[in-house]
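Derivation of every value follows stated rules applied to the coordinates shown; laboratory data play no part. Everything numeric in this text was worked out from a predicted model, so none of it was measured. Here the Cβ positions follow ideal geometry from the backbone for every residue, glycine too, while neighbour counts run over all protein chains shown.
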Amino acid sequence: MKSAELEKLARRHGISLTRPSPDNREVAISGETKRKILQALKIDLPAAADPGNGAPRRELKPAAKKIARSFLPDFLSGTRVWGVSLQLYELRSARNWGIGDFEDLSDMADLAGSLGADFIGLTPLHAPFLADPDRCSPYEPSSRQHLNPLYIAIDRVPGFASSPELEQQWTNLRQTDLVDYIGVAQIKLRALRDLWPAWRQRSVIDGAYDPADFDAFAAQGGNSLRLHALFECLSFSMVERGAGAGWHRWPADFQRFDSAAVAEFERGHADDVRFHMWLQWLAHRQLTQAADRARKAGLRIGLYLDLAVGEAVDGSATWSEPDTYISKATIGSPPDPFAVDGQDWHLAGYLPSAIAAGEMSPFRRMVSAAMRYAGAIRIDHAAALRRLFLVPLGSRPDGGAYVRYPEEALLQILAEVSAEHRCLVIGEDLGLIPKGLQDDLAAAHILSYRILSYEQDEKGFKPADVYPVLALACISTHDHQTLAGWWRGADIQARCDHGIVPPDLTERHLEHRKRERSSLKAALKTADLDLPAGLTARASRETLRELTVSAYRFIARTPSLLVAVRLADLTDEKKPTNIPGTSDSYPNWRPKLSVLLEDMTSSPLLERVTAAMREERPQNRLGRERLEGGRILNRQG
């Protein structure tokens, strides 16, 4: 195919002909990249040149956008609210089995409600690889349409009976500073297997866990639930054979869900398949109960759930729906000043042609799966609503390209599903954001995501009053150090220690952090907030606690409708949750909090920060903003 024809075909299928470089230039993508991306999009190149087969799309001038609006709760028209963000697994309690669970979440909801919070923000609860528990990143799930059974509180399942052996095992797991996912999975799945026979025979009857509800859940889940459960059974079987939990390493006749070998396996493992469907039901019941507890505790938004941008390339989702996913390219990011070679996140994304197709499109099913429990969802990497950077298999990230997605259709789906579930939408709009997308999201009533350390310009930290109203503001996330860690430069040192950034660049970053510290002090001072004495780079623990309180007051004073208070800040954590760019060199997604859930109220920072939140964002009082006629208006007094 000639170069001009290839370029025209790439344009027709939404492939951008350039990508950014670290020095902010636009670099033309190669012909090889165009071919590989077209193949990844399942466009047959020779056939695509023939107008008779209907493959290429006629180029049309973009029409004026018709942006549908997502749901916003009525009470937000007269107030600004705050909540607590955390990772469920990191919660310690006197009763859990070495990992935070849905009962801990219910107890956390009671605590948050007593403190005046209106939501609890959680990293994804998506289904992992149960047969390979060490694959624990919540942002590389096996399936986004199903839940993580490791969060089931087994001691709350009717019929459960403890034993001295079990108690010793969960006591040992509870005492570790890192979540032992393998140990947790072994003990929980064994206990659930012991419970299953009685449930299968309908000899366990309980109002909150009605067997008839399980039957209805299984029927409603349909093929999606059945195939996920079947995948889990196959995954365990393949691990026993040494083939691995992910389907890419399975024998060829098991790599398709509709093969004769898979059908034969299912016939011989019908009870196991039903068991894994039961696990999903238990997780569903307990997450529903936690959402109910949150509402009863006075959290007006309730649970706020995160959605990963993609799924594992070899997980349940891609195995169950191969025609829905891109199979020859993965999601990543182009080269930029902080990742000069670009990034390959090794995640599978939906095909642009499939993501919004049909009455129950993949995107609709995915967001519905979260919104059924949530009063808010956060879309990780919201740029994916318009485009994704795809890296062809076997290529480096600088050999990838941006591909357009049906933004208008996706925003329409979000509007419809959010209205159905009365669930507001937050878009993580950080990093390389296409021009105009933030305006589109604001028009669609999707809240922006604003992190304190990112809200800087050439003058320094931005004043609190310039933050957007339609936003969630926070100090840090799971990918960052706590504020105290940021102040000390622990994030910079960690990137150096793990070989992410070379020493010479580290020195420049440390120098820049000096200027950032000075700028943050200036911003807090301008906002008439107290600055503790001795606020130097080597400030004491107590001094940094005072800084944390002032910084949260600053964030609370922004016009942004939502503010998230990170639980790790309140418990004064020293270990970060996740260091992006590391894999084996740091125990990502494993550190637990240093404080028991039952002892949270004795944390000095929790008392002081939440008191500041209540003062700055009191419940049941009119705030300074209101929504009127779809427009955000400033209000004095």
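Summary table
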quantity	calculated
Violating pairs (Cα-Cα greater than 23 angstrom) within the set Lys462/Lys521; Lys2/Lys36; Lys328/Lys435; Lys296/Lys574; Lys188/Lys296	Lys328/Lys435; Lys296/Lys574; Lys188/Lys296
Segment 276-351 - percent relative contact order, Cα under 8 Å, separation 6 or more	25 percent
Shape call, segment 207-260: gyration tensor on alpha carbons, a/c limit 1.5	prolate
Residues His478, His146, sorted so that the one with the fewest Cβ neighbours within 10 Å comes first	His478, His146
Ordering of 185-197, 76-88, 164-176 by packing [mean C-beta count within 10 Å, highest first]	76-88, 185-197, 164-176
Net charge contributed by nearby residues that have their C-beta within less than 11 Å of Ala522 (K/R +1, D/E -1)	+4
Other-chain or far-sequence residues with amide H under 5 Å of Leu447's (modelled H)	Val425, Ile426, Gly427
Length released on extending from Asp194 to Asp258, taking residue separation times 0.36 nm less the Cα-Cα span	20.0 nm
Long-range tail of P(r) for segment 127-296 (Cα pairs > 21 Å, %)	51 percent
Net charge over other residues, Cβ less than 15 angstrom from the Cβ of Glu266 (K, R count +1; D, E count -1)	-2
Cα lying deepest toward the dipole's positive end in segment 127-296, options Pro141, Ala208, Phe275, charges on Cβ	Ala208
Inter-centroid distance (Cα atoms) of segment 62-108 relative to segment 342-383, Å	17 Å
Kyte-Doolittle mean at least 0.0, axial Cα span of 30 Å or more - DSSP H helices of the chain	211-241
Around Arg396: net Lys/Arg minus Asp/Glu count, Cβ-Cβ under 9 Å	-3
Relative contact order of the chain, pairs being alpha-carbon contacts under 8 Å that are 6 or more residues apart, as %	20 percent
Check: segment 127-296 dipole with +1 on Lys, Arg Cβ and -1 on Asp, Glu Cβ, in debye	360 debye
Contact order relative to length of segment 385-544, as percent, for alpha carbon pairs under 8 angstrom and 6 or more apart	13 percent
Taking Tyr325, Tyr151 and counting other C-beta atoms within 10 Å, the order from fewest to most	Tyr325, Tyr151
